[in-house]
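The values are calculated or read from the model by the stated rules, or taken from the named source; none is laboratory data. What you see is a predicted model, and the numbers here were worked out from it, not measured in a lab. Here the Cβ positions follow ideal geometry from the backbone for every residue, glycine too, while neighbour counts run over all protein chains shown.
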Amino acid sequence: MRQFIVIGCGRFGSSVAKTLYEAGYDVLAIDKNEDAIQEISDFVTHAVQVDATDETSIKSLGIRNFDVAIVAIGSDIQSSILVTLMAKELGVKFVVAKALNELQAKVLYKIGADRVVFPERDMGIRVAHNLMSANILDNIELASNYSILEIAAMKEWEGKNLKELNLRKKYGIHVLIIKRGEVLNSAPNPSDIIQKGDVLVVIGYKEELQKLDLIV
């Protein structure tokens with residue numbers, strides 16, 4: 001299973017960390033602010049108070065062992081650049097960095113960021129995707145071609161179990177969670193029956209998810 005490290009636990013970083021954790025992934029959240037760590041600690045696998053710009057500290061966390069690093073540091077572009085550079089140099093396979101404008105994005109790409117996100121703009125894109133289909137409730141891109149979707153169960157799925165639906169074979173998606181009201185089934189098995197009103201949290205490649213006619 002892929003492991004994620006989220007560096008910076010402001011509004012954007014916290015949202016990413018919580019979403020990944022709720023989907024069943026191991027998530028380490030770090031921030032130099034003690035209050036931020038206390039707020040996020042119950043919603044991630046581990047939360048550590050540390051200054052990410054200190055190379056010794058970041059090395060001690062074993063950052064090279066993580067598959068994806070999300071550099072969600074706020075308006076301090078100098079720190080964002082430094083941490084992004086260190087993450088790549090220390091061996092993180094895929095680094096996502098937050099930027100406030102196009103100039104910052106160019107710099108972050110130049111020093112090795114694999115993807116740069118603009119939280120406000122990307123939120124607009126997510127809202128647009130959601131409006132394209134009544135079934136999509138939320139969408140988070142983990143990479144340019146890989147997404148986690150929160151989907152309202154389709155009418156034709158109701159009354160059938162996961163084995164019958166065979167969503168992995170038909171659409172290349174894996175069901176991570178079934179939400180039924182306030183109840184979360186985070187380890188669904190093939191015999192679980194989909195009911196009206198259920199919400200499925202699924203993960204898969206965009207190319208495959210397009211078969212559901214949910215993503216343009």
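List of remarks:
- From the list G24, G10, the one residue that fits, being of a type in the set (G, A, S), more than 24 Å from I203 (Cβ to Cβ) and in contact (Cβ under 8 Å) with a residue 12 or more places away in the chain, is G10.
- Unique match (being assigned to a loop (DSSP other than H, G, I, E, B), under 21 Å from P119 (Cβ atoms) and either in contact (Cβ under 8 Å) with a residue 40 or more places away in the chain or in contact with a Ser or Thr (Cβ under 6 Å, 6 or more places away or on another chain) (or both)) among A69, A47, A52: A52
- Residue in region 55-73 that is surrounded by the fewest Cβ atoms within 10 Å (Cβ to Cβ), counting only those that are of a type in the set (A, V, I, L, M) and over 18 Å from the mean Cα position of the chain (by Cα): L61
- D76 meets the conditions (1) surrounded by fewer than 18 Cβ atoms within 10 Å (Cβ to Cβ); (2) modelled with pLDDT under 85; (3) not assigned by TED's automatic domain parsing to the domain that holds Y25 in every case but one. The failed one is (3).
- In this structure, I37 does not satisfy being assigned to a helix (DSSP H, G or I), in contact with a Leu (Cβ under 9 Å, 6 or more places away or on another chain) and not small (G, A, S).
- At least 1 residues being at pLDDT 80 or above, hydrophobic (A, V, I, L, M, F, W, C) and farther than 30 Å from T53 by Cβ is the threshold, and among the helices (runs of 4 or more DSSP H) wholly inside region 82-201 those reaching it are 162-165, 167-171.
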